[in-house]
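S.K.: Pasting a structure below so you can have a look.
The values are calculated or read from the model by the stated rules, or taken from the named source; none is laboratory data. If you're wondering where the values come from, they're calculated on a predicted model, not measured in any experiment. Neighbour counts are summed over all protein chains in view; Cβ atoms, including those assigned to glycine, are modelled from backbone coordinates with ideal geometry. Surface accessibility is based on the protein's heavy atoms, side chains included, excluding ligands, DNA and RNA. Shrake-Rupley method; radii C 1.70, N 1.55, O 1.52, S 1.80 Å.
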Amino acid sequence: MTTPTWEFPRVWDSTIRSSFVACPEMFRLEFIERIGPSATSVHLHFGATFASAMEVSRKTYYNSDTPSVTQAMAAGFRTIISEWGDYDPGENSNKSLHSCLAAFAAYTQQWPFDTDYIQPHMSDGRPAVEFSFGIPLPITHPTTGEPIIYAGRFDLLGEYQKHLFVVDEKTTSQLGASFNNKWDLRGQLTGYCWAAQQFDYPVAGAIIRGVAIKKTAIDCVEVITYRPPFLIARWYTQLLRDIRLAIVMYETDAFSSNYSDSCVAYGGCPYSRLCLSADPTQWKEAYFVPRTWD
């Protein structure tokens, strides 16, 4: 058996699990060897900037004794400008500093803080904005001997029609049936619901608010999806099964490759040039940099 050079992830989240089930070799490169493309993805940069603006503006509004929508939006706009920095998305990208500002404005016009029918759940007088969690799993890490942690963060624990829901915003390029129908089995949202329930929040499901960034317009849509107990239990069982299988591959240094749809999904796997090369080392040095997922 070859002794692995890199460490198995101590903390798992929905992104890591999705990578593993899509292609274990991609998972190995991204989360064990920890390399990534030298260029930062515009989608990740745009989404992170938008999420930061929503977090800051919500906290500005709901933590204030005299809440002001104007002040909350101003805080959001300042955050976008600061977080965007000098990032260059390229000439042909719909996702730019301008469109991020427009998306934030469109979202807060569609769902204004003062009249939004989904309000943050209040805990000890504080709004449950940016709900973060890290929960030990009944699986021992192969080298540290400590429990593996399942972690994540969603945008809001919200109250809607006297029920609690996970609320998560998604930025996208288009809406429609393909967007509306993709959430009922989405493991990321099931994991959020499971995590909230571990803290005794009886969430009924998730509400996804989508913001589509188009060349000439910004569109918004809302989707509600429920998570009955049996579905959460199935997801949890599958999560543990996937992590245990990943440990077996790690300990034997034998990671499977997909060689199918995941190689071309979402514009193509960023590691495909390595799979196409007889000697991937040269490509790693030229096109990839050390990167740790946070």
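S.K.: Checking Gly268 against (1) without any contact (Cβ under 8 Å) to a residue 24 or more places away in the chain; (2) in contact with a helix residue (DSSP H, G or I) (Cβ under 6 Å, 6 or more places away or on another chain), only one condition comes out false. Which one?
M.R.: The one condition Gly268 does not meet is (2).
S.K.: Restricting the first residue to region 207-226 and requiring it to be open to solvent by less than 20 Å² (accessible area, probe 1.4 Å), which pairs with a second residue that is basic (Lys, Arg) meet a Cβ separation below 7 Å and a spacing of at least six or different chains?
M.R.: Here the result reads Ile208/Lys170; Gly210/Lys170; Ile213/Lys95, each pair linking region 207-226 to a residue that is basic (Lys, Arg).
S.K.: Do any residues in region 229-242 that are in a helix (DSSP H, G or I) have Cβ atoms under 9 Å from those of residues that are modelled with pLDDT of 95 or more and of a type in the set (Gly, Ala, Ser), where the two are at least six apart or on different chains, and which pairs are they?
M.R.: Going by the 9 Å Cβ cut-off, the qualifying pairs are Ile232/Gly191; Trp235/Gly187; Trp235/Gly191; Tyr236/Gly191; Gln238/Gly187; Leu239/Gly187; Leu239/Gly191.
S.K.: Between residues in region 76-88 that are part of a loop (DSSP other than H, G, I, E, B) and residues that are not hydroxyl-bearing (Ser, Thr, Tyr), which pairs lie under 7 Å by C-beta distance while being six or more apart or on different chains?
M.R.: Between residues of region 76-88 that are part of a loop (DSSP other than H, G, I, E, B) and residues that are not hydroxyl-bearing (Ser, Thr, Tyr), the close pairs are Tyr87/His45.
S.K.: Mind listing just one residue for me: the one in region 29-44 that is assigned to a helix (DSSP H, G or I) and in contact with a helix residue (DSSP H, G or I) (Cβ under 8 Å, 6 or more places away or on another chain) and, of those, most open to solvent (accessible area, probe 1.4 Å)?
M.R.: Among those that are assigned to a helix (DSSP H, G or I) and in contact with a helix residue (DSSP H, G or I) (Cβ under 8 Å, 6 or more places away or on another chain), it is Glu30.
S.K.: A further question on this structure: Condition first: touching a residue at least 24 places away in the same chain (Cβ under 8 Å) and within 19 Å of the chain's Cα centre (by Cα). Now tell me which residues in region 36-50 satisfy that. Even if it seems obvious, please write down each step before you answer.
M.R.: Within region 36-50, the subset touching a residue at least 24 places away in the same chain (Cβ under 8 Å) is 36-38, 40, 42-43, 45-50.
Once the filter is applied, which keeps residues that are touching a residue at least 24 places away in the same chain (Cβ under 8 Å) and within 19 Å of the chain's Cα centre (by Cα), region 36-50 yields Gly36, Pro37, Thr40, Val42, His43, His45, Phe46, Gly47, Ala48, Thr49, Phe50.
S.K.: Cβ-Cβ below 9 Å, separation at least six or inter-chain, first residue in region 150-176 and over 29 Å from Tyr266 (Cβ atoms) and touching a residue at least 24 places away in the same chain (Cβ under 8 Å), second part of a strand (DSSP E or B) and open to solvent by 20 Å² or more (accessible area, probe 1.4 Å): which pairs?
M.R.: Sorted first by the residue in region 150-176, then by its partner, the pairs are Glu159/Gln119; Glu159/Met122; Tyr160/Gln119; Tyr160/Ala204; Tyr160/Ile224; His163/Ala204; Leu164/Ala204.
S.K.: Within region 109-127, how many residues are over 14 Å from Tyr61 (Cβ atoms) and outside any strand (DSSP E or B)?
M.R.: From region 109-127, those over 14 Å from Tyr61 (Cβ atoms) are 109-110, 117, 121, 123-125; that's our starting set.
Remaining after also requiring outside any strand (DSSP E or B): 109-110, 117, 121, 124-125.
Selection size over region 109-127: 6.
S.K.: Would you say Gln197 is surrounded by fewer than 17 Cβ atoms within 10 Å (Cβ to Cβ) and part of a helix (DSSP H, G or I)?
M.R.: Values: surrounded by fewer than 17 Cβ atoms within 10 Å (Cβ to Cβ): yes; part of a helix (DSSP H, G or I): yes.
Considered against the rule, which asks whether it is surrounded by fewer than 17 Cβ atoms within 10 Å (Cβ to Cβ) and part of a helix (DSSP H, G or I), Gln197 comes out as yes.
S.K.: On to the next question. Which members of region 225-242 meet the condition of being β-branched (Val, Ile, Thr) and within 14 Å of Leu137 (Cα to Cα)?
M.R.: Thr237
S.K.: Restricting to region 269-289, and then to whatever is modelled with pLDDT of 85 or more and open to solvent by 90 Å² or more (accessible area, probe 1.4 Å), can you tell me which residue is farthest from Ile35 (Cα to Cα)?
M.R.: Ala278
S.K.: Next question, about the same structure. Could you check, for region 206-217, whether at least one of its residues is more than 21 Å from the chain's Cα centre (by Cα) and β-branched (Val, Ile, Thr)?
M.R.: The answer is yes, given that some residue of region 206-217 is more than 21 Å from the chain's Cα centre (by Cα) and β-branched (Val, Ile, Thr).
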